[in-house]
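Peer 1: First the structure, which I've put down as structure tokens, then a few questions once you've had a look.
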């Protein structure tokens, strides 16, 4: 077993689960008018983003992400996308009334995450490092973010005019959870190498 890759996969799973919890807390806080729940949801979402760094590390460690310029570009875009969302979540915890930063960084973060997942999808497809339905998770994640603001968002507005967070970061949390599980499965089959 590749212990390091297994740990990275576990981080991706934990990050995905925390993202679902954070999104649920945000929606519950907004629907019930409890700003403390929203703040806690933002804090949990920021923590989820930090822990999620295990996803690209795990994908690379088990050979799902190949060594290529395209995979590296996807990882850089993904990293900047996650960083922008962590920053937005942390600002929402410290200064909830400051929405100007969120208005700029949220769309940029979504675009970068989409580009990252789409680049990973193309790199994985070229390398043929995944078969079956699993490789399509990367395309789904890329298109989910790319189409959300323009196509999906109007259908998911809750009372008060804000989007239903469980559908954007929550669905992504589920996708990330499945990707982390892929990493752990692949790590379990790996033969340890001696140094």
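Peer 1: Tell me, please, whether a residue that is surrounded by fewer than 22 Cβ atoms within 10 Å (Cβ to Cβ), touching a residue at least 60 places away in the same chain (Cβ under 8 Å) and assigned to a helix (DSSP H, G or I) can be found in region 34-53.
Peer 2: yes
Peer 1: Scan region 153-191 for residues that are in contact with a helix residue (DSSP H, G or I) (Cβ under 8 Å, 6 or more places away or on another chain) and at pLDDT below 75 and jot them down.
Peer 2: Of everything in region 153-191, those that are in contact with a helix residue (DSSP H, G or I) (Cβ under 8 Å, 6 or more places away or on another chain) and at pLDDT below 75 turn out to be 158, 159, 160, 162, 163, 164, 165, 166, 167, 168, 190.
Peer 1: Report the residue count in region 118-139 for those that are modelled with pLDDT of 90 or more and farther than 18 Å from residue 63 by Cβ.
Peer 2: Total satisfying the criteria: 3.
Peer 1: Those residues that are more than 13 Å from residue 46 (Cβ to Cβ) and without any contact (Cβ under 8 Å) to a residue 40 or more places away in the chain, I need them from region 82-96; list them, please.
Peer 2: 95
Peer 1: Going residue by residue through region 7-26, is there one that turns out to be buried (at least 20 other Cβ atoms within 10 Å of the Cβ), over 30 Å from residue 189 (Cα atoms) and over 14 Å from the mean Cα position of the chain (by Cα)?
Peer 2: Yes, that holds for at least one residue.
Peer 1: How about region 58-79: which of its residues are surrounded by fewer than 19 Cβ atoms within 10 Å (Cβ to Cβ) and part of a helix (DSSP H, G or I)?
Peer 2: Selection gives 60, 69, 70, 72, 73, 76, 79.
Peer 1: Something else: Can we say residue 23 is at negative phi, free of Cβ contacts under 8 Å to residues at least 60 places away in the same chain and part of a helix (DSSP H, G or I)?
Peer 2: Here the answer is no, as residue 23 does not meet what is asked.
The values are calculated or read from the model by the stated rules, or taken from the named source; none is laboratory data. In this text the structure is predicted, and so the values were computed from the model without any measurement. Positions of Cβ are generated from backbone atoms using ideal geometry, with glycine treated the same way; all protein chains shown enter the neighbour counts.
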